[in-house]
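A short write-up of the structure that comes next.
Nothing in this text is a laboratory measurement; each read-out follows from the coordinates by a stated rule. From a predicted model like this one, the values you see are computed outputs, not experimental measurements. Neighbour counts are summed over all protein chains in view; Cβ atoms, including those assigned to glycine, are modelled from backbone coordinates with ideal geometry.
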Amino acid sequence: MTHDPSSDTKRPLSSLDQWDDDVKRRYPEPAPSDDCDTPPAAQPKKKKPSEFRNYRAEARPSVKEFYRLNHTYQTVDFVRQKHREFLPLRRCRMSVWEALRELDKLVDDSDPDTDVPQIEHALQTAEAIRAQGHPRWFILTGLIHDLGKVLCLFGEPQWAVVGDTFPVGCRFSEKIVFSEFFAENPDSQVPEYQTECGIYEPGCGLDQVLMSWGHDEYLYHVVKDYLPEEGAYIIRYHSFYPLHREGEYTHLMNDYDRRMLPWVKKFNPFDLYTKSHDRPDVDRLLPFYEELVNEFFPPELDW
Ligand SMILES: [Fe+2]
Ligand SMILES: [Fe+2]
């Protein structure tokens, strides 16, 4: 029996930001190192042994409930259905700026003291990349990387928009956060999906792998024809924490993935550790970013 996600209107998170904030709590900024790629936005602090925490015990109930829904309902059938539903990209046409403005409507029931508007997260990420002298496509990738969250405005539940992503159709890694909730996932009862590779060939390449559905995969299809492949790859896998932080699922990668993955790792600190309450001066930055967006994208994109 397949689940109809539209029947599940639960919204455990007060805002989508709560998931991002929780990821940052799980992967705190590392101590200073020789890695000159770490953005300087927030001065990293060394963790004392007493500060190492039990993530599961401390996760907010709303976050835990969010993962319960995500891990229960992200199945092979669900992902295939979402591809059929969204990937023809026939929903609407809108510009990058319209999408950014739409995203800012998402903060309705969030806490204004802790949440940064989406456009500010976009600009903070992009500005940190720019400050390190990275190429223009990389800065642009930082600006647009979360635009796939417009899925929420199309009525999709939170658990099908954000959350750490993972392959479906093969064994769920125990290193996925709250992996115990996969016991409720119907795919856990499908014998074919219980091996390390499941329905895939070893080394087949992630392009052949169905990932849990969310804002990464969706936006990848919206922008892939306009961005350099490195930028498109970053967008597609930036929430794949089980791979880029935990080192899981490498048996599904091919040479192309091994060439591209370092870009995802390079991008991740800019995404996680640049959120700050020093609000970017949107008006001052706009001319630079308008020119940048126009350099790569047509006036409107298919969503
Ligand atoms: Fe994201
Ligand atoms: Fe982000």
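Observations on the structure shown:
- Sorting C152, C92 from the fewest to the most surrounding beta carbons within 10 angstrom yields C92, C152.
- Loop-resident GluC sites (Glu not before Pro) (DSSP state other than H, G, I, E or B) in region 247-303 with no more than 15 further Cβ atoms inside 10 Å of their Cβ: E300.
- Protection proxy ranking, peptides 275-283, 60-68, average beta carbon neighbours within 10 Å, highest first: 60-68, 275-283
- Separation of the alpha carbons by more than 24 angstrom is noted, of K64/K266; K175/K275; K24/K149; K82/K149; K82/K224, for K64/K266; K175/K275.
- Enclosed volume per residue, in Å³, of the convex hull spanned by Cα atoms of region 246-303: 175 Å³
- Pairwise inverse Cα distances across region 73-194, averaged and inverted, put the Kirkwood hydrodynamic radius at 17.0 Å.
- Translational diffusion coefficient (Stokes-Einstein; Kirkwood radius from C-alpha pairs) of the chain at 10 °C, 1.306 mPa s, in µm²/s: 80 µm²/s
- Multiplying the residue separation of V190 and L89 by 0.36 nm and removing their Cα-Cα distance gives an extension gain of 33.3 nm.
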